[in-house]
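Structure, as structure tokens:
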Amino acid sequence: MDLPSLPIAHQRAMALLSNPNAEMAEIGSIVEADPGLTASLLRASNSAAFAPLKRIGTAQQAIVRIGTEMTRRIVATAALSDSFGAVRKAGVDANELWRFAVATGLLADASAWADGPRTEAFTAGLLHPIGRLAMAASEPDRYRTVVELVGKGVDALQAEAHVFGQDSVEWGGQVATAWDFPPQIVRAITECQVDGASGLAWVVWNAKRIAWSLGYGNGLERPDEVTFDPKSEDASILASLDGPEGLETQIKWYSGSAAAIAA
């Protein structure tokens, strides 16, 4: 497979992930270079979640209103969703995959260590299925064979390895490296399948586990039933998001604000 490319504005936007000290003006100039990113930021800043007294019309004003950390999240969400709208052609349930990615990001953020970079956890959770998205978007006809195999009971990663010679986790690491994601994000993408992962990769693995227990599928496979235990240690993580309903509300907000593939 050829490595997928990103529009220039999106490449610059993704570079924000590796520069926690980016100035507000720099972030604004990157967003303003792309109408889609600007629209996403304006939708977010003018939404009811920020109780705006008046509507604003520029990226710089939006960043001031919602803050740089939320701006990073919206930009990452918009850049990702805008790049992979073609996954439906591969037979992947794009809506389900997208909801799983955002749920994982939110749960990773909620469960990240208190003194750690929580927005980084959100970003890593959001981006963890980037290999699957890239495979399905780049080679939709070929990926349909993967979907068919999974439908017959084959494990998704095994089906991908059979068809492509490598699974989407390996491919995701290569894509993330080619797009200059920070090393810790690359490691989270490539190691979040492993129960014994550590650091940020463990945070994402744990968030995926919770999302699955809540009934969120990954676009190819879905849980047979909701297995979340409200008496488990996971309950406090979910409570910080105002429970299952609060998590669902935030998923819809991010999808709508970023004009996600599920919107």
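Laid out as a table, the results:
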| read-out | value |
| --- | --- |
| So Ala62, is it part of a helix (DSSP H, G or I) and closer than 30 Å to Gly151 by Cα | no |
| Selection within the range 206-221 - touching a helix residue (DSSP H, G or I) at 6+ places or on another chain (Cβ under 7 Å) and either among the aromatic types (Phe, Trp, Tyr) or in a loop (DSSP other than H, G, I, E, B) (or both) | Leu214, Tyr216, Gly217, Asn218, Gly219, Leu220, Glu221 |
| Residues within the range 177-196 that are without any contact (Cβ under 8 Å) to a residue 24 or more places away in the chain and surrounded by fewer than 18 Cβ atoms within 10 Å (Cβ to Cβ), tallied | 5 |
| Counted residues, the range 185-200 - those being part of a helix (DSSP H, G or I) and under 14 Å from the mean Cα position of the chain (by Cα) | 4 |
| Positions within the range 27-71 being touching a Phe, Trp or Tyr at 6+ places or on another chain (Cβ under 9 Å) and of a type in the set (Lys, Arg), in sequence order | Arg65 |
| Given (1) of a type in the set (Val, Ile, Thr); (2) free of Cβ contacts under 8 Å to residues at least 40 places away in the same chain; (3) within 30 Å of Met1 (Cα to Cα), index of the condition Thr227 fails | (3) |
| Number of the exception - Gln174 against (1) in contact (Cβ under 8 Å) with a residue 60 or more places away in the chain; (2) in contact with an Asp or Glu (Cβ under 7 Å, 6 or more places away or on another chain); (3) farther than 25 Å from Leu106 by Cβ | (2) |
| Hits in the range 197-217 (condition: hydroxyl-bearing (Ser, Thr, Tyr) and surrounded by 19 or more Cβ atoms within 10 Å (Cβ to Cβ)) | Tyr216 |
| Residue satisfying all of: in the range 25-36; in contact with a helix residue (DSSP H, G or I) (Cβ under 8 Å, 6 or more places away or on another chain) and either part of a helix (DSSP H, G or I) or among the polar types (S, T, N, Q) (or both); surrounded by the fewest Cβ atoms within 10 Å (Cβ to Cβ) among these | Ala25 |
| Test: residue in the range 219-229 that is small (Gly, Ala, Ser) and farther than 28 Å from Arg144 by Cβ | no |
| Selected residue [surrounded by fewer than 24 Cβ atoms within 10 Å (Cβ to Cβ), at pLDDT below 90, part of a loop (DSSP other than H, G, I, E, B) and small (Gly, Ala, Ser)] from Ala86, Ala39, Ala49, Ala22 | Ala22 |
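The values are calculated or read from the model by the stated rules, or taken from the named source; none is laboratory data. All of these numbers come straight from a predicted model, not from anything done at the bench. So basically every Cβ, Gly included, is an ideal-geometry build from the backbone, and we count neighbours across all protein chains shown.
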